[in-house]
Structure formats: structure tokens, C-alpha cells
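In what follows, a structure is listed as C-alpha cells, so that the remarks can point back to it.
The values are calculated or read from the model by the stated rules, or taken from the named source; none is laboratory data. For clarity, every value in this text was computed on a predicted model and none was experimentally measured. Every residue, glycine among them, receives a Cβ derived from its backbone with ideal geometry; neighbour counts consider all protein chains shown.
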Amino acid sequence: MEIENLVQRQRAFYHTGRTRDAAFRIASLQKLAERIEKYEKDINEALRKDLNKSVFEGYMTEVGLTLSEIRFLAKHTAAWSRPKKVRTPLAQFHAKSFVVQEPYGVSLVMSPWNYPFMLSLEPAAGAIAAGNCCIIKPSAYACATSSVLKKIIGETFPEEYVAVVEGGRQENTELLEQEFDYIFFTGSVSVGKLVMEKAAAHLTPVTLELGGKSPCIVERDAKLSLAAKRIVFGKFLNSGQTCVAPDYCFVHEAVKDEFIGCLQKWIDKLIGKQPFSNPDYPKMINEKHYDRVLGLIKGESVVTGGCGKRETLQIAPTVLKDVGADAPVMQEEIFGPVLPVLTYRDIHEVEQFVASRPKPLALYLFTGSRETADRILGTLSFGGGCINDTIIHLATSQMGFGGVGASGMGAYHGKKSFETFSHAKSIVEKSTWMDMPIRYMPYTKGKESILRKVLR
């Protein structure tokens, strides 16, 4: 089989030892950045075709972030690759202890369609930085971007080192039957479970970047207009097809009407009263998702939006009010430009609501109270988030990004990416010029007394 053969060839290349050289990894990352810059126009055209992303949004959320991440990794790979000295306990005198970062070997990166460029290359760059070979499997739904990725990777690396495998379900199935040393998956919870099940057959470690219903909480003391502006940005970016987009909004009942008015105002200002006439307003990836999202609106109280344009697969930015907790739109991740607004009287209600459901990938809190912020951060479990903003916590190489519970496991970005694709090998190097007799038989009261002192 072609895929099986590719995995075997990558394993053979890995065993040559070339990828263990930090200089080789850094040069590989630099080549990748150069190739991305060379084909930036092609990337932009592909993102426009797949999702109707503007050049600005494409650079802000995909190309620019990817280049920044690759450059960050290239800058720090040499330092991260060096053995790290750690303190040696007195009980192990005389010795030195250190940790060696060792690549896993042959890795698989499976990426989704919503940010098809960034979510393919950012984890792959982490695999390269850590010294792995890598197979990238883009989503078949974003076929234009997938084609560009194959061209970029094919011109940059020999396929026995880094390769792109295009295709759909058949190729995904065949890939998951192979024995990889690490699997990095970004996508839905249902497919993530399948990936983990397949990985378990080979005891392959995995990172799962999933999703879930990420709440947004607006307290009565929040700056409502600014909160609405930032929520509109985070929710309707990429037409809501963002894994960390605010999925629903809890607003204090005392400011509900004012807040909804602010949402309408900023939708009109930022996207336009006629969103289908905005050339930069993204579309849904395909008809299946277009119909699914429109179906979630049915029967709900629409404040604004609520309609679609099938010819372009666009759905107007939609705000729903007076949404019940048992409504269909509250049962699954929306992954589209629809924002349900619920109300609460006391923050306890929100805490109980969020805590009773699967742990979300993100949480956003808008408040002027440090006490409230500390309380939410200390009470609720979620992957990551923002106070007084949305989604920007993932746009940095200085912090790891990942889920918890049903929203995923593991993390990446910056040093976390390097560590994710590395095994930390702990080594103790013992001196030979002396050999302390305390650990050897015969055991005596005197030895026990010394042992108790050194192990305190």
C-alpha cells in the first residue's frame, strides 16, 4: 500500500539520525517559512476559494500566525534541544542528572478544514522542531488549501522526511491503521474518539485538539459596548467556524437588553447591515454544514440575522434571545455564525450550568471585578480563555494551547509544541571514582540512620 510504504520510508529516514541534528531542524523550519512566503498569494487564493477568507483575515488568522510560530520555533530549537541539567539529590552522590529531549520518530498530523493552513502547519512545525518525520493529512473539505499545502511541502522536503497525504475518509482510515510514534489530531470530539481508539492499538501517544460549547459570560459591571464588539469579532470571525469561538453567551438579566443592542450595533458596524454584500464575509465550508447551522435557528427568537444565501453558502450573523437550556442550539457545538444569548441573575447559576456540562475548550468572562474573575478562574475547568476579550489567547507562541476533558488533551504552541513531540529522557550519570556502600547489603542500623537523614 502507498501509505504503508510512505510510513516505512519515513521510519527509515528517521533512523539515519539526520533529524536529530538541531541545525538540520532549524534549516528545515527556515526553508518552510521561505516557501510559505513564496506561495503566499496561492495560499490566499486557496483560503478565499475554500472559506471566502479575505487576504487580511487569512494573514491574521492563518499565514501570519503560522510564520510567527515557525520563526519562534527556529529561534529556540537549539536551546531546547540541549540536555538540561537538574539538581541531583544528596542520596545519589556523586553524580550528575540531566534531561534529554528525544524525538518520538514518525508523527501524523491530522488537521481540520476551518483553519486548514494554520492547523496543518503549526503542529507539523512543532514535529519538525523536535526532530520527527511527519505526515500531514489535511481535510478533504478544504481541497484548495490541501492542494497548496501539498505543493509547498513537496517543494520544501523529501517525502521520506515530511509529506502531505491528500484524500478523504479512505485515506484517513488507512493512515490510522499504521503504527505511528505520535499522532496529533485537531477536529471533532466524535472523530477524536476514533483516533484515540486506533492509537490505543499501538499504544501511540496522542494530542487531541477538539472543541465543545465555549461559554461567554457578561457581568453587569462589564463595559458592555466594548464587550459586545470583542464578542462579535470572536464569534463571527471565519463565520463562526472557530473551535474557540464563543458558542453561547450568558448575560446578566439587568443588562440584557442593552447588551443585545450593543451586539446589533457592532454587527452592523463591523460586518454590515447587508453581510452578503460584504466581499470579506466568510462562507460555510459546504452545504452540509450550511444546512446544519440554519437548522439550529429554527424555532428560536431571532434578534438579528437568521437567514442564509445558499448560492454563496453564507449565513448572516445571527443573535438569538430567550434561548432555553434544552434548545437544539444548546446541545451541540454550533460552529457557525449563530450566538444564543441566555440570562442569569446570580453568577452561581452560570457556574452550575457550565460545571454540569462537558469541559469547554474556552471560556470568556467580561467583568470589571477582579474578585469575579478570580472566582471563575478558580471554580470552572476549561482549556483556556480570556478576561475581557475573546479567542486571542491562542494567538501566541509564549503559552501553550489545548483542551481539557471532552475538549481535548495535550497542548501545543511554542515550547509546548516542542515538548509535545519530544520524549523527555531522564539520565543519571554516576561517577566511578567512588562507590558509597550505604545502599548495599548488609543493612545495618547505622546505614539506616544515615539513609533517613539524607532522604529528609
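Can you tell me which residue is farthest from Pro116 (Cα to Cα) among those in region 215-254 that are among the small types (Gly, Ala, Ser) and in contact with a Phe, Trp or Tyr (Cβ under 9 Å, 6 or more places away or on another chain)?
Pass one, region 215-254, residues among the small types (Gly, Ala, Ser): 222, 225, 227-228, 234, 239-240, 245, 254.
Retained after the next criterion (residues that are in contact with a Phe, Trp or Tyr (Cβ under 9 Å, 6 or more places away or on another chain)): 222, 225, 227-228, 234, 239-240, 245.
Numbers: Ala222: 35, Ser225: 32, Ala227: 29, Ala228: 28, Gly234: 18, Ser239: 14, Gly240: 15, Ala245: 16 Å.
Out of the qualifying residues, it is Ala222.
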Only one of Gly211, Gly234, Gly240, Gly272 is within 25 Å of Tyr59 (Cβ to Cβ) and touching a strand residue (DSSP E or B) at 6+ places or on another chain (Cβ under 7 Å), namely Gly240
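Could you check region 159-212 and list, in sequence order, the residues that are among the hydroxyl-bearing types (Ser, Thr, Tyr) and either within 19 Å of Val404 (Cα to Cα) or touching a residue at least 12 places away in the same chain (Cβ under 8 Å) (or both)? Reasoning before the result, please.
Within region 159-212, the subset among the hydroxyl-bearing types (Ser, Thr, Tyr) is 161, 173, 182, 186, 188, 190, 204, 207.
Selection gives Tyr161, Tyr182, Thr186, Ser188, Ser190, Thr204, Thr207.
Scan region 166-212 residue by residue and report those that are among the hydroxyl-bearing types (Ser, Thr, Tyr) and surrounded by fewer than 20 Cβ atoms within 10 Å (Cβ to Cβ). Spell out the reasoning first.
As a first pass, look at region 166-212 and keep what is among the hydroxyl-bearing types (Ser, Thr, Tyr): 173, 182, 186, 188, 190, 204, 207.
Once the filter is applied, which keeps residues that are among the hydroxyl-bearing types (Ser, Thr, Tyr) and surrounded by fewer than 20 Cβ atoms within 10 Å (Cβ to Cβ), region 166-212 yields Thr173, Ser188, Ser190.
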Filtering region 188-208 for residues that are under 25 Å from Phe335 (Cα atoms) and of a type in the set (A, V, I, L, M, F, W, C) leaves a count of 7
Region 213-322: helices (runs of 4 or more DSSP H) wholly inside it with 3 or more residues that are under 29 Å from the mean Cα position of the chain (by Cα) and either surrounded by fewer than 21 Cβ atoms within 10 Å (Cβ to Cβ) or without any contact (Cβ under 8 Å) to a residue 24 or more places away in the chain (or both) are 224-236, 287-297
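What's the total number of residues in region 11-21 that are within 20 Å of Leu73 (Cβ to Cβ) and buried (at least 16 other Cβ atoms within 10 Å of the Cβ)? Spell out how you get there, then give the answer.
Kept after step one, since they are within 20 Å of Leu73 (Cβ to Cβ), are these residues of region 11-21: 14, 18-21.
The next check asks that each one be buried (at least 16 other Cβ atoms within 10 Å of the Cβ); those that pass are 14, 19.
Here the count works out to 2.
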Exercise. For Leu361, are the conditions met, namely being modelled with pLDDT of 95 or more and either closer than 30 Å to Val109 by Cα or touching a strand residue (DSSP E or B) at 6+ places or on another chain (Cβ under 7 Å) (or both)?
Worked result: yes
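From Val63, Val100, Val86, grab the single residue that is touching a residue at least 12 places away in the same chain (Cβ under 8 Å), among the β-branched types (Val, Ile, Thr) and loosely packed, with under 14 Cβ neighbours inside 10 Å.
Working: Val63 fails: loosely packed, with under 14 Cβ neighbours inside 10 Å; Val100 fails: loosely packed, with under 14 Cβ neighbours inside 10 Å.
Matching residue, one of Val63, Val100, Val86: Val86.
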Evaluate region 23-44: report whether one residue or more is over 27 Å from Ser422 (Cα atoms) and buried (at least 20 other Cβ atoms within 10 Å of the Cβ). yes
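Is region 332-341 home to any residue that is more than 18 Å from Val232 (Cα to Cα) and assigned by TED's automatic domain parsing to the domain that holds Lys229? Give the derivation first.
As a first pass, look at region 332-341 and keep what is more than 18 Å from Val232 (Cα to Cα): 332.
Next cut, assigned by TED's automatic domain parsing to the domain that holds Lys229 only: 332.
Yes, region 332-341 has at least one match.
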Counted residues in region 1-19 being more than 11 Å from Glu160 (Cα to Cα) and part of a helix (DSSP H, G or I) come to 5
Considering region 66-81, residues that are touching a residue at least 40 places away in the same chain (Cβ under 8 Å) and aliphatic (A, V, I, L, M), and then whichever is farthest from Pro112 (Cα to Cα), we arrive at Ala78
- Task: Could you check, for region 323-332, whether at least one of its residues is in a helix (DSSP H, G or I), loosely packed, with under 13 Cβ neighbours inside 10 Å, of a type outside the set (Val, Ile, Thr) and modelled with pLDDT of 95 or more?
- Result: no
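Matching residues to (1) touching a residue at least 24 places away in the same chain (Cβ under 8 Å); (2) under 24 Å from the mean Cα position of the chain (by Cα); (3) crowded, with 16+ Cβ neighbours inside 10 Å; (4) assigned to a helix (DSSP H, G or I):
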site: Pro360; (1), (2), (3), (4): yes, yes, yes, no
site: Leu365; (1), (2), (3), (4): yes, yes, yes, no
site: Gly368; (1), (2), (3), (4): yes, no, no, no
site: Asp374; (1), (2), (3), (4): no, no, no, yes
site: Phe382; (1), (2), (3), (4): yes, yes, yes, no
site: Gly385; (1), (2), (3), (4): yes, yes, yes, no
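Would you check which residues across region 387-442 are touching a Cys at 6+ places or on another chain (Cβ under 8 Å) and part of a loop (DSSP other than H, G, I, E, B) and list them? So that I can check it myself, show each step before the final result.
Initially, region 387-442 is screened for residues touching a Cys at 6+ places or on another chain (Cβ under 8 Å), giving 390, 392-393.
Passing the criteria: only Thr390.
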- Before we move on, is Val354 β-branched (Val, Ile, Thr) and assigned to a helix (DSSP H, G or I)? yes
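Have a look at Pro112, Pro123 and point out the one that is touching a Leu at 6+ places or on another chain (Cβ under 8 Å) and either touching a residue at least 24 places away in the same chain (Cβ under 8 Å) or of a type in the set (D, E, K, R) (or both). Before you say what the answer is, go through the steps one by one.
Details: Pro123 fails: touching a Leu at 6+ places or on another chain (Cβ under 8 Å).
Answer to the selection: Pro112.
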Only unsatisfied item for Pro123, checking (1) farther than 18 Å from Gly17 by Cα; (2) touching a His at 6+ places or on another chain (Cβ under 9 Å), is (2)
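Scan region 20-39 residue by residue and report those that are of a type in the set (Phe, Trp, Tyr) and in a helix (DSSP H, G or I).
Restricting attention to region 20-39, the residues satisfying the condition of being of a type in the set (Phe, Trp, Tyr) are 24, 39.
The one that is of a type in the set (Phe, Trp, Tyr) and in a helix (DSSP H, G or I): Phe24.
Filter region 427-449 for residues that are in contact with a Phe, Trp or Tyr (Cβ under 8 Å, 6 or more places away or on another chain) and at pLDDT 95 or above; which is surrounded by the most Cβ atoms within 10 Å (Cβ to Cβ)? Before the answer, list the steps.
In the first step, residues of region 427-449 are kept if they are in contact with a Phe, Trp or Tyr (Cβ under 8 Å, 6 or more places away or on another chain); the result is 427, 429, 436.
Of the ones still in play, those that are also at pLDDT 95 or above are 427, 429.
On the way: Ile427: 12, Glu429: 9.
Filtering region 427-449 for residues that are in contact with a Phe, Trp or Tyr (Cβ under 8 Å, 6 or more places away or on another chain) and at pLDDT 95 or above, the one surrounded by the most Cβ atoms within 10 Å (Cβ to Cβ) comes out as Ile427.
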